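Q: So that we are looking at the same thing, I have put the structure below in structure tokens.
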């Protein structure tokens with residue numbers, strides 16, 4: 001069976017790195033960027049509003065992908081991603097800026113779902129699991145690089161981080177150069193995918209996967225939204241905040257790389273239970289003020305991400321027949337970005353960030369126990 005050459009695989013992984021940075025890129029420099037864009041209230045929406053755009057536009061993105069093909073939609077998506085992301089510099093005030101961020105999220109849903117559909121077309125079985133694990137690694141490696149650069153650039157001039165969105169145009173050129181428009185074995189792969197698609201994996205249905213994805217991303221992304229605020233109150237500067245967030249992404253990269261090997265020892269619900277246990281422990285650390293415990297919390301929450309979102313992405317592909325894969329992956333995109341958007345309201349919770357961190361820890365423990373019990377039954 002034909003597979004992509006190394007350059008083609010690398011290109012798809014580069015494109016995957018754009019998905020998580022759509023909102024988080026601005027996190028390290030949120031204070032100065034919001035001031036520069038004329039946003040005086042609800043500045044956290046600069047990070048979370050793209051998530052709402054992704055949720056709203058994802059069903060349309062899925063239908064367009066299934067109708068016109070992932071390759072065409074990815075070309076359009078990458079061009080618009082760079083244009084919309086960088087053009088925010090020319091905008092000012094809540095109406096213009098928030099509209100731009102909402103639209104950028106919708107474009108991201110096209111990029112994310114199209115990229116995964118292309119991966120599922122070129123890879124099958126265990127090779128697909130490994131590639132989707134690498135996709136999860138690429139998403140978080142993008143976080144490592146882009147968050148670090150975002151913090152560094154924001155400390156020089158508030159608008160400089162916006163230029164990073166133009167990387168989408170570089171990746172567009174790579175797509176056209178290194179990824180063939182048509183897969184020689186597409187028909188054969190489609191038949192294989194139709195035959196091999198399942199309705200349940202280790203006791204988890206597609207609806208279960210969407211629900212767990214939403215919960216995992218809500219819990220994970222709460223740290224991305226609130227840590228910059230709490231760390232700023234503890235007198236950490238923008239560069240240091242960016243470095244901690246980048247460290248979380250780096251840990252997630254390494255963990256996602258190990259995920260396929262862990263799946264051979266434990267079934268999917270048990271691995272997901274480990275992810276939520278790591279989330280629970282991380283938020284206990286975030287309630288403390290010492291640098292050591294903040295770093296330990298970053299380590300644990302990175303492990304939680306690496307064991308959850310890439311695996312849930314793979315499960316969505318495995319539970320989807322080829323003819324509806326674009327639609328189902330768009331629903332997965334909705335689930336992931338719904339989780340991100342829900343974090344918009346976390347800073348308004350009674351008791352502040354400390355109470356939110358405790359709440360996240362408690363919910364993570366409950367979810368972990370439920371998943372572990374499901375894993376025991378499925379074993």
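Q: Quick check on segment 323-345: of everything there that is over 30 Å from residue 69 (Cα atoms) and surrounded by fewer than 22 Cβ atoms within 10 Å (Cβ to Cβ), which residue is modelled with the highest pLDDT?
A: 342
Q: Output the qualifying pairs, or none if there are none: Cβ atoms under 6 angstrom, residues six or more apart or on different chains, first residue in segment 151-176 and at negative phi and free of Cβ contacts under 8 Å to residues at least 24 places away in the same chain, second residue surrounded by 20 or more Cβ atoms within 10 Å (Cβ to Cβ) and assigned to a helix (DSSP H, G or I).
A: 160/153
Q: While we're looking at this one, here's another question. If residue 299 satisfies every condition in (1) under 22 Å from residue 232 (Cβ atoms); (2) within 19 Å of the chain's Cα centre (by Cα); (3) surrounded by 24 or more Cβ atoms within 10 Å (Cβ to Cβ) but one, which is the exception?
A: That leaves (3) as the condition not met.
Matching residues to (1) surrounded by fewer than 18 Cβ atoms within 10 Å (Cβ to Cβ); (2) over 19 Å from residue 29 (Cα atoms):
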position	(1), (2)
52	no, yes
93	yes, no
97	no, no
101	no, no
118	no, yes
131	no, yes
137	no, yes
153	no, no
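Q: Across segment 288-308, what is the number of residues that are in contact (Cβ under 8 Å) with a residue 24 or more places away in the chain, out of contact with any helix residue (DSSP H, G or I) (no Cβ under 6 Å at 6 or more places or on another chain) and not in a loop (DSSP other than H, G, I, E, B)?
A: Going through segment 288-308 one residue at a time, the tally reaches 2.
Q: Something else: Among the residues of segment 346-379, which ones are under 27 Å from residue 45 (Cβ atoms), without any contact (Cβ under 8 Å) to a residue 12 or more places away in the chain and either touching a helix residue (DSSP H, G or I) at 6+ places or on another chain (Cβ under 9 Å) or not in a helix (DSSP H, G or I) (or both)?
A: 349, 350, 351, 352, 359
Q: For segment 146-190, give me each residue that is in contact with a helix residue (DSSP H, G or I) (Cβ under 8 Å, 6 or more places away or on another chain) and modelled with pLDDT under 75.
A: 183, 186, 189, 190
The values are calculated or read from the model by the stated rules, or taken from the named source; none is laboratory data. Model, not experiment: these values are computed from the prediction. Backbone-built Cβ (ideal geometry, glycine too); neighbour counts: all protein chains shown.
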